[in-house]
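Colleague: This is the structure I want to talk about, given as structure tokens.
Any read-out appearing in this document is the output of simple, stated calculations on the displayed coordinates, not a laboratory observation. All values reported here derive from a predicted model rather than from experimental measurement. Glycine gets a Cβ as well: all are built from the backbone with ideal geometry, and neighbour counts include every protein chain shown.
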């Protein structure tokens with residue numbers, strides 16, 4: 001049984017979502033850049049409309065008219081690209097040389113990192129695809145692209161790649177954020193809809209959250225429109241084409257865009273308001289202890305990316321096999337470290353660890369400060385803590401655990417016995433300089449690491465399990481100049 | 001319920017149209033247009049349904065060693081236009097004849113069938129499936145072609161879900177083609193288990209072709225087809241209830257929505273429904289979900305969660321058990337786990353998050 005199941009049951013009975021976290025496990029900037037978007041049908045590499053801004057009253061809107069036309073799309077993207085780059089690149093202007101994380105090599109680092117907020121994961125994917133299209137465009141030749149569009153593309157593609165790293169906060173998808181902190185009687189697919197999550201968390205008075213969510217999910221928040229939304233814009237686009245007579249000049253296009261712009265303004269305003277409301281609600285919760293540490297990791301990733309963009313280093317469009325293997329390892333390592341950090345920071349998140357036997361909780365019975373063991377040359381102090389458990393201990397003798405108040409320090413499970421009808425575990429502190437819990441105090445110890453032990457493999461060879469008959473040829477530039485739709 | 005509807009040949013996607021619980025999906029006109037445009041381009045459609053197949057043949061030459069000359073195409077769509085059952089049956093008959101010719105390798109059979117129709121008896125009913133193309137070369141296997149408009153970028157499909165359903169579709173067509181040939185006494189191995197997937201490459205509409213092995217999907221689909229109940233058996237199990245009439249009433253848009261939904265509830269009460277997260281995409285999703293909601297069913301949750309609650313009739317009861325109510329023997333295992341997690345939760349809420 002997991003806490004999520006219990007919270008889902010309770011939410012069904014109470015009629016509103018239940019909190020699955022006591023603190024907020026992501027940093028939320030007070031003035032992030034919110035980006036909401038709508039596609040045209042299933043067009044994968046373009047956006048029909050994009051809204052962006054730094055506060056709820058600051059919504060900028062770019063509408064392409066017909067995003068299938070490259071010239072119209074790029075013209076519409078330009079103001080977005082300018083604002084985006086201005087915000088995203090701002091911290092880099094103040095970059096300074098700092099020492100590496102463990103006193104390692106010197107690195108050029110920005111003092112802070114930017115934060116992009118989007119309504120859902122699908123928007124991250126759409127921006128990523130858009131970035132993939134834009135980042136390799138040639139800035140010279142017959143159809144030169146504006147360099148800012150190319151830089152914008154590089155940033156978007158970077159965010160898409162960085163997005164899956166557990167606990168990162170450079171790009172925050174609100175549906176993922178809410179799902180991490182709230183439990184409700186909806187399945188995973190239903191919980192990927194921000195409007196549904198929002199409705200279950202704060203349903204209208206007298207309406208059960210589940211029914212409110214079922215109602216809210218009917219109108220998509222983007223980026224994929226439904227048939228009805230697109231049916232409304234279709235005649236507007238036809239009319240737009242008829243009247244522009246093949247012209248893509250901004251002067252002609254701008255005057256004809258109003259009806260399409262109004263259509264998307266209406267759609268995006270709902271997305272915009274829902275997104276800011278959800279963001280504000282989450283911002284009200286206190287931040288978890290390990291969040292600054294993950295912000296630091298983001299700052300380094302961001303700086304590394306910016307350094308590459310500035311030096312105009314051309315990234316591969318697809319990872320090589322060793323790169324891909326290292327990337328997957330990095331993701332899974334971050335996943336387990338962040339899961340442990342969350343549990344260590346949040347008694348509610350610890351519940352699943354205790355229930356599955358990976359953590360123990362109880363009252364400290366007594367402390368033996370005088371305990372010593374024989375070190376290499378002399379006896380060294382290794383204090384013991386005796387913990388009387390509430391439940392059972394499923395840890396093994398010799399296993400390393402951490403006290404949630406001081407998760408960097410390690411204890412070793414020395415013995416497991418029973419005293420007065422309850423299980424008693426003897427833990428030995430492995431770092432003598434650390435402080436200990438006091439006798440009579442309630443304490444929780446867990447297995448798992450809050451620090452990454454990941455070091456990228458130096459090997460460049462492809463392991464035999466991953467060898468493919470032929471390597472894929474790269475095609476960085478996606479634009480197919482001969483073939484253009486619309 | 002789904003089995004019954006399938007056996008009765010009811011289109012669940014349209015059944016509840018016009019009621020408040022109608023499915024909220026439906027393809028955007030633009031998404032549909034994108035698919036049509038791409039298919040027309042691949043087939044070099046002249047606009048009147050007559051196709052020259054230039055780009056497609058070029059891909060087939062490149063990947064399947066088609067000869068430069070000696071291409072004979074046949075378009076069954078123009079031969080028997082429309083989607084009526086009669087047209088489909090005629091196309092299915094024609095497809096069968098052409099497959100026979102191909103298998104015999106006599107004279108000069110066509111080596112590209114556009115719009116082949118395969119028939120299959122599912123649950124006692126004949127169902128028709130329309131394949132985008134079947135390609136054939138002398139002294140080689142038949143290859144099923146599927147044309148899809150999702151792009152391939154850097155050798156990967158931009159939309160993994162769309163890719164999965166395209167491969168499932170191809171696997172079904174291979175399976176059905178093999179069965180058709182087998183029924184004519186030819187070895188099923190004449191049809192390759194690798195399907196040809198034609199998709200746009202990158203941003204534009206330039207097609208590319210990938211050969212994909214789908215044998216494992218074929219086996220899964222075969223098992224799925226076997227599991228569809230026979231209409232006669234389903235009818236017999238209903239004990240006199242006339243499901244056909246009920247479906248007719250429910251799909252009758254002249255009747256009030258309340259009326260139609262009530263009839264459907266009645267039928268569902270009689271035959272039962274199975275609901276879960278995998279129902280997403282079914283036309284009755286919202287209807288069944290509402291039923292489950294009113295029953296407080298654990299099926300509203302993720303599959304893992306509903307598995308944890310085996311033996312517990314509904315969520316309200318689960319909440320009571322978590323709070324310490326006396327469980328019945330069937331409920332006991334799940335109830336113990338629930339009470340334990342509830343105790344841990346209460347304990348956690350009393351603690352202060354470390355800072």
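Colleague: Given springs between every Cα pair under 10 Å in a Gaussian network model of chain B, which of B:293, B:136, B:30 has the largest fluctuation?
Modeller: B:30
Colleague: Sort largest first and round to whole Å: the equivalent ellipsoid semi-axes of the range A:1-82, each the square root of five times a Cα gyration tensor eigenvalue.
Modeller: Numbers: eigenvalues 295, 65, 23 Å².
Working from the Cα gyration tensor, I get semi-axes of 38, 18, 11 Å.
Colleague: Can I ask one more? In square nanometres and to one decimal, what's the mean projected area of the convex hull around the Cα atoms of the range B:207-270? Intermediate values should be presented prior to the final figure.
Modeller: Numbers: hull surface 33.4 nm².
The Cα convex hull of the range B:207-270, projected and averaged over all directions, gives 8.4 nm².
Colleague: Among B:11, B:302, B:132, determine the one that fluctuates most according to a GNM of chain B built with springs between C-alpha atoms less than 10 Å apart.
Modeller: Most flexible of the set in this elastic network: B:302.
Colleague: Return one number: the angle in degrees, 0 to 90 and rounded to the nearest 10, between the long axis of the Cα atoms of helix A:321-345 and the longest principal axis of the Cα atoms of chain A.
Modeller: Tilt of helix A:321-345: around 60 degrees.
Colleague: If you take the beta carbon distance between residue A:422 and residue A:207 as r and set R0 to 60 Å, what does 1/(1 + (r/R0)^6) give as a FRET efficiency, to the nearest 0.05? Walk me through the numbers on the way to the answer.
Modeller: On the way: r = 46 Å, r/R0 = 0.77.
For residue A:422 and residue A:207, the calculated efficiency is 0.80.
Colleague: Any chance you could get the radius of gyration and Dmax over the Cα atoms of the range A:3-345, in Å?
Modeller: In Å, with Rg to one decimal and Dmax whole: 21.0, 64.
Colleague: Could you let me know the centre-to-centre spacing of the range B:1-67 and the range A:42-84, using Cα atoms, in angstrom?
Modeller: 30 Å
Colleague: Quickly estimate the mean residue ellipticity at 222 nm for the protein assembly as shown, helices only: each DSSP H run with n ≥ 4 gives -39500 (n - 2.57), and the total goes over all residues, rounded to 500. Show your work: numbers first, answer last.
Modeller: Details: 28 runs with 363 residues, N = 841.
When only DSSP H runs of four or more count, the value is -13500 deg cm²/dmol.
Colleague: Also, I was wondering about something else. Give me the percent of Cα-Cα pairs in the range B:296-355 that sit more than 17 Å apart, rounded to a whole number.
Modeller: Numbers: 738 of 1770 pairs.
Counting pairs separated by more than 17 Å, the tail of P(r) holds 42 percent.
Colleague: Same structure, new question: For residue A:30 and residue A:304 in the same chain, what is the full-extension length gain: residue separation times 0.36 nm, less their Cα-Cα distance, in nm?
Modeller: Values: separation 274, 0.36 × 274 = 98.64 nm, distance 2.40 nm.
This chain segment gains 96.2 nm when fully extended.
Colleague: Compute the angle between helix A:291-310 and the longest alpha-carbon principal axis of chain A, please, reported from 0 to 90 degrees and rounded to the nearest 10.
Modeller: The angle comes out near 40 degrees.
Colleague: Over chain B, with a single point scatterer placed on each C-alpha, what log10 of the ratio I(q)/I(0) does the Debye formula yield at q = 0.07 1/Å?
Modeller: Computed log10 I(q)/I(0) values: -0.44.
Colleague: Work out Dmax and Rg for the range A:284-369 from the C-alpha atoms and quote the Rg first, both in angstrom.
Modeller: 19.3, 61
Colleague: Let me ask something additional. Extension gain residue A:312-residue A:415, at 0.36 nm per residue separation less the Cα-Cα distance, in nm? Working shown, then result.
Modeller: Working: separation 103, 0.36 × 103 = 37.08 nm, distance 5.80 nm.
My answer for the length gained is 31.3 nm.
Colleague: Sketch the reach of a paramagnetic label on residue A:323 as a point 7 Å from Cα along Cα-to-Cβ, and name the residues of the range A:153-170 whose backbone nitrogen lies under 18 Å away.
Modeller: Output list for this probe position: A:153-165.
Colleague: Can you give the FRET efficiency for residue A:238 and residue A:466, using 1/(1 + (r/R0)^6), R0 = 41 Å, r = Cβ-Cβ distance, to the nearest 0.05? Kindly include the intermediate steps, with their values, before the conclusion.
Modeller: Details: r = 49 Å, r/R0 = 1.20.
Step by step, r from the Cβ atoms, then E = 0.25.
Colleague: Mind pulling the angle between the C-alpha long axis of helix B:332-350 and the longest principal axis of chain B? Nearest 10 degrees, somewhere in 0 to 90.
Modeller: 70 degrees
Colleague: Using the count of nearby Cβ atoms within 10 Å as a rough guide to exposure, how do B:118, B:238, A:236 rank from fewest to most?
Modeller: Details: B:118 26, B:238 14, A:236 19.
Taking fewest neighbouring Cβ atoms as first place, the list is B:238, A:236, B:118.
Colleague: Let me see the P(r) profile for the protein assembly as shown: every Cα-Cα distance counted, bins of 20 Å, each bin given as a percent of all pairs.
Modeller: 12, 38, 37, 12, 1
Colleague: Using only alpha carbon pairs under 8 Å that are at least six residues apart, calculate the relative contact order of the range A:61-211 and give it in whole percent. Could you put the intermediate results ahead of the total?
Modeller: Working: 180 pairs, mean separation 28.0, N = 151.
The value is 19 percent.
Colleague: Over chain B, calculate the relative contact order: mean separation of alpha carbon pairs under 8 Å at least 6 apart, over the residue count, as a percent.
Modeller: Values: 476 pairs, mean separation 59.1, N = 355.
For chain B, the relative contact order is 17 percent.
Colleague: Another question, then. Out of all DSSP beta bridges with both ends in chain B, state the antiparallel percent to the nearest 5.
Modeller: Working: 23 of 31 bridges.
Percentage antiparallel, nearest 5: 75.
Colleague: For the range A:359-447, what does the relative contact order come out to in percent, with C-alpha contacts under 8 Å and a separation of six or more? If you can, show how the numbers build up before the last one.
Modeller: On the way: 213 pairs, mean separation 32.8, N = 89.
In percent, rounded to a whole number, it is 37.
Colleague: Cα centroid distance between the range B:82-123 and the range A:306-328, in Å?
Modeller: So the separation of the two Cα centres works out to 49 Å.
Colleague: Using the 10 angstrom Cβ neighbour count as an exposure proxy, how do B:83, B:93, A:409 rank, fewest first? Mind showing how you got there, number by number?
Modeller: On the way: B:83 9, B:93 13, A:409 16.
The most exposed by this proxy come first: B:83, B:93, A:409.
Colleague: Which order do A:276, A:285 fall in if you start with the one that has the fewest other Cβ atoms within 10 Å?
Modeller: On the way: A:276 20, A:285 16.
Sorted ascending by nearby Cβ count, the order is A:285, A:276.
Colleague: Which distance in Å, rounded to a whole number, links the C-alpha centroids of the range B:223-272 and the range A:375-437?
Modeller: 63 Å
Colleague: While we're here: What FRET efficiency, computed as 1/(1 + (r/R0)^6) with R0 = 45 Å and r the Cβ-Cβ distance, is obtained for residue A:219 and residue B:183, rounded to the nearest 0.05? Walk me through the numbers before you get to the answer.
Modeller: On the way: r = 49 Å, r/R0 = 1.08.
Efficiency, rounded to the nearest 0.05: 0.40.
Colleague: Would you mind calculating the gained length between residue B:208 and residue B:252 on full extension (0.36 nm times residue separation, minus the Cα-Cα distance), in nm to one decimal? The partial results should precede the final answer.
Modeller: Values: separation 44, 0.36 × 44 = 15.84 nm, distance 4.46 nm.
Using 0.36 nm per residue and subtracting the Cα-Cα distance, I get 11.4 nm.
Colleague: Could you give the nm distance between label points at residue B:126 and residue A:442, where each point is 7 Å from its Cα heading toward the beta carbon?
Modeller: Going from the residue B:126 label point to the residue A:442 one covers 7.2 nm.
Colleague: I'd like the per residue volume of the convex hull spanned by the Cα atoms of the range B:251-355, given in cubic angstrom. Provide the component values of the computation, followed by the final result.
Modeller: Values: hull volume 17.0 nm³, N = 105.
Cα-based convex hull of the range B:251-355, divided per residue, equals 162 Å³.
Colleague: Still on this structure, please answer the following. Using only the Cα atoms of the range B:44-226, each taken as one equal point scatterer with no solvent, compute I(q) by the Debye sum, divide by I(0), and report log10 of the ratio at q = 0.08, 0.13 Å⁻¹.
Modeller: Log-scaled intensity ratios, in q order: -0.24, -0.66.
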